[in-house]
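Presented below is the structure to which this report refers.
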Amino acid sequence: MSAWLRDEKTHRPGTDLLALLDEAERARTERAGTERARAEQVTPEGAAWLASAATCPRSALSLWRARPGLPGVLPCGSVFDVVNLPTVFARRVLDRMWAQGPGSGPVATHRGRVLLFAVPGTAQRLPALIGWEEWGGADRTGGVPPVLCHGTGDAVTVPALSPGTGPGPRWVVAPGTRGPWLPGPEVLLWACVGAARGAPRRCEDGAVPAARRRPAASPSFIDFSSHRSGC
């Protein structure tokens with residue numbers, strides 16, 4: 001007993017437990033930050049997949065790797081289509097896909113919108129499927145907000161290969177393989193209808209920005225949608 005009293009010093013009950021809890025919380029925060037950084041980082045295989053959508057994939061990939069901090073502009077319709085959703089609604093769609101469905105493909109954010117990369121052909125079929133559901137009555141879709149679909153003939157701005165700290169497009173789920181799984185129109189219809197039915201009424205306004213076919217080139221990004229040199 002006397003030895004224990006000599007070693008006790010000023011120990012307070014619960015101090016070690018609180019320290020352990022603090023350490024566990026710091027470790028959890030660090031892991032979350034690491035996982036988020038990994039999700040936003042395009043792998044070399046993912047970069048090759050993105051570049052394969054360009055007119056000249058090899059030259060596009062070489063140019064992009066030389067300037068990995070710049071966003072790129074890529075054409076849709078051959079390697080992927082893009083479904084462009086309002087942010088709040090997109091969160092509900094992704095929650096449904098991740099929690100109850102097959103998951104998602106690459107996902108990015110840009111100018112207050114969320115870009116879901118989808119199977120080529122989705123841009124043509126998804127609006128028709130949503131329209132067919134709405135034809136049976138508004139309650140069948142629950143009021144899906146206007147969806148912008150980018151397919152053949154369109155080009156979209158995609159985030160840089162390396163995550164940045166400033167404003168601009170960012171990856172939520174960056175491509176990590178040469179052939180990432182992409183949702184098709186049926187999966188996206190299921191997710192959109194389910195998200196709309198579970199949302200409060202009038203949760204979104206109907207205003208959406210006009211779709212842009214092909215953004216004008218500027219020093220702030222690299223336009224691969226019409227790049228032809230070095231093929």
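Taking the range 163-174 as the range and being part of a loop (DSSP other than H, G, I, E, B) and surrounded by 15 or more Cβ atoms within 10 Å (Cβ to Cβ) as the test, the residues that pass are Pro163, Gly164, Gly168, Pro169, Ala174.
Say we look at the range 79-108 and pick out the residues that are aromatic (Phe, Trp, Tyr) and open to solvent by less than 20 Å² (accessible area, probe 1.4 Å); which of these is nearest to Arg197 (Cα to Cα)? Result: Phe89.
Let's see how each residue does on (1) modelled with pLDDT under 90; (2) in contact with a helix residue (DSSP H, G or I) (Cβ under 8 Å, 6 or more places away or on another chain):
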residue: His150; (1), (2): no, yes
residue: Ala155; (1), (2): no, no
residue: Val158; (1), (2): no, yes
residue: Arg170; (1), (2): no, yes
residue: Pro183; (1), (2): no, yes
residue: Glu204; (1), (2): yes, yes
residue: Ala210; (1), (2): yes, no
residue: Ser229; (1), (2): yes, yes
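For Thr177, the criteria (1) among the hydroxyl-bearing types (Ser, Thr, Tyr); (2) open to solvent by less than 60 Å² (accessible area, probe 1.4 Å); (3) in contact with an Asp or Glu (Cβ under 6 Å, 6 or more places away or on another chain) hold in every case but one, which is (2).
Only one of the numbered conditions (1) over 26 Å from Pro44 (Cα atoms); (2) free of Cβ contacts under 8 Å to residues at least 40 places away in the same chain is not met by Ala66, and that is (1).
Scanning the range 122-135 turns up one or more residues that are open to solvent by 30 Å² or more (accessible area, probe 1.4 Å), closer than 24 Å to Ser225 by Cβ and touching a residue at least 60 places away in the same chain (Cβ under 8 Å). In the condition set (1) open to solvent by 20 Å² or more (accessible area, probe 1.4 Å); (2) within 21 Å of Leu148 (Cα to Cα), Phe117 is compliant with all but (1).
The values are calculated or read from the model by the stated rules, or taken from the named source; none is laboratory data. Predicted model only: the values in this text are computed from it and were never measured. For neighbour counting, all protein chains shown are included, and Cβ atoms are generated from backbone atoms with ideal geometry for every residue, glycine included. Just so you know, the surface numbers come from the protein's heavy atoms only, side chains and all, with ligands and any DNA or RNA stripped out. Shrake-Rupley method; radii C 1.70, N 1.55, O 1.52, S 1.80 Å.
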